[in-house]
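In what follows, a structure is listed as structure tokens, so that the remarks can point back to it.
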Amino acid sequence: MNSNSVINVQDTFQIHSGCHIILMENAKLNLGSGYINMNAKIRCFKEISIGNGVAISENFTVWDTDAHIIKGKENEMTKPVKIGNHVWIGNNVTVLKGVTIGDGAIIAAGAVVTRDIPAGCLAGGVPARVIKQGVCWK
């Protein structure tokens, strides 16, 4: 954690072994409730929010940044990530900057999420796309 960075935990949130979390200066990581399984990589340059009742499987990666500036797009290097409530994320999923995953969504194993996923949808693939709407998991 760099200076003035903060991790806000709303309820019980478990982060299992082998996880690597970096918060840059003034960054904010917001955690609701649920868990992240082994070997996650979280790179928070500005803000990442994970909701309540989430289940995140092994080898999860989330970045809210490109980590390097692209000339002409300096203001687009970092964009917040929001993972909603009751979201299930499968093995080996990567979530990139600027993405919002809606409440109750399921992200299939191996997906690379580059754009928003609506609530109650199953999404998968590279890049991830909605496969089915109106899904519910428990």
- Query: Just for the stretch 110-125: of the residues that are of a type outside the set (Gly, Ala, Ser) and over 22 Å from Met38 (Cα atoms), which one is surrounded by the most Cβ atoms within 10 Å (Cβ to Cβ)?
  - Reply: Ile117
- Task: Give the residues of the stretch 90-107 that are closer than 19 Å to Gln133 by Cα and either under 9 Å from the mean Cα position of the chain (by Cα) or of a type in the set (D, E, K, R) (or both), sorted by residue number.
- Result: Val99, Thr100, Ile101, Asp103
- Note on the structure: Going through the stretch 14-29 in order, the residues found to be surrounded by fewer than 19 Cβ atoms within 10 Å (Cβ to Cβ) and either not in a strand (DSSP E or B) or not basic (Lys, Arg) (or both) are Gln14, Ile15, His16, Ser17, Gly18, Cys19, His20, Ile21, Ile22, Met24, Glu25, Asn26
- Message: Just to verify a result, which residue in the stretch 95-104, among those that are within 17 Å of Ala55 (Cβ to Cβ) and not small (Gly, Ala, Ser), is most open to solvent (accessible area, probe 1.4 Å)?
- Response: Asp103
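For (1) of a type in the set (A, V, I, L, M); (2) closer than 19 Å to Gln10 by Cα; (3) within 13 Å of the chain's Cα centre (by Cα), each residue gets a yes or a no:
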{"site": "Met38", "(1), (2), (3)": "yes, no, no"}
{"site": "Glu47", "(1), (2), (3)": "no, yes, yes"}
{"site": "Lys73", "(1), (2), (3)": "no, no, no"}
{"site": "Thr78", "(1), (2), (3)": "no, no, no"}
{"site": "Ala119", "(1), (2), (3)": "yes, no, no"}
- Of the conditions (1) outside any loop (DSSP other than H, G, I, E, B); (2) of a type outside the set (Val, Ile, Thr); (3) in contact with a His (Cβ under 7 Å, 6 or more places away or on another chain), Arg43 fails just one. Which one is it? (3)
- Note on the structure: Conditions (1) open to solvent by 70 Å² or more (accessible area, probe 1.4 Å); (2) farther than 22 Å from Gly134 by Cβ -> Lys82 fails only (2)
- Within the stretch 45-96, work out how many residues are touching a Phe, Trp or Tyr at 6+ places or on another chain (Cβ under 7 Å) and not polar (S, T, N, Q). 7
- Task: Restrict the check to the stretch 51-64 and report whether at least one residue is closer than 18 Å to Ile131 by Cβ and buried (at least 16 other Cβ atoms within 10 Å of the Cβ).
- Result: yes
- Message: Checking the condition hydroxyl-bearing (Ser, Thr, Tyr) and touching a residue at least 24 places away in the same chain (Cβ under 8 Å), which residue from Ser49, Ser33, Ser17 passes?
- Response: Ser49
- Task: State the number of residues belonging to the stretch 61-91 that are out of contact with any strand residue (DSSP E or B) (no Cβ under 6 Å at 6 or more places or on another chain) and aromatic (Phe, Trp, Tyr).
- Result: 0
- Residue check: is Ile107 within 17 Å of Asn8 (Cβ to Cβ) and open to solvent by less than 70 Å² (accessible area, probe 1.4 Å)? no
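The values are calculated or read from the model by the stated rules, or taken from the named source; none is laboratory data. Please read all numbers here as calculations on a predicted model, not as lab measurements. Note that we place each Cβ from the backbone using ideal geometry, even for glycine, and neighbour counts take in every protein chain shown. Surface accessibility is based on the protein's heavy atoms, side chains included, excluding ligands, DNA and RNA. Shrake-Rupley method; radii C 1.70, N 1.55, O 1.52, S 1.80 Å.
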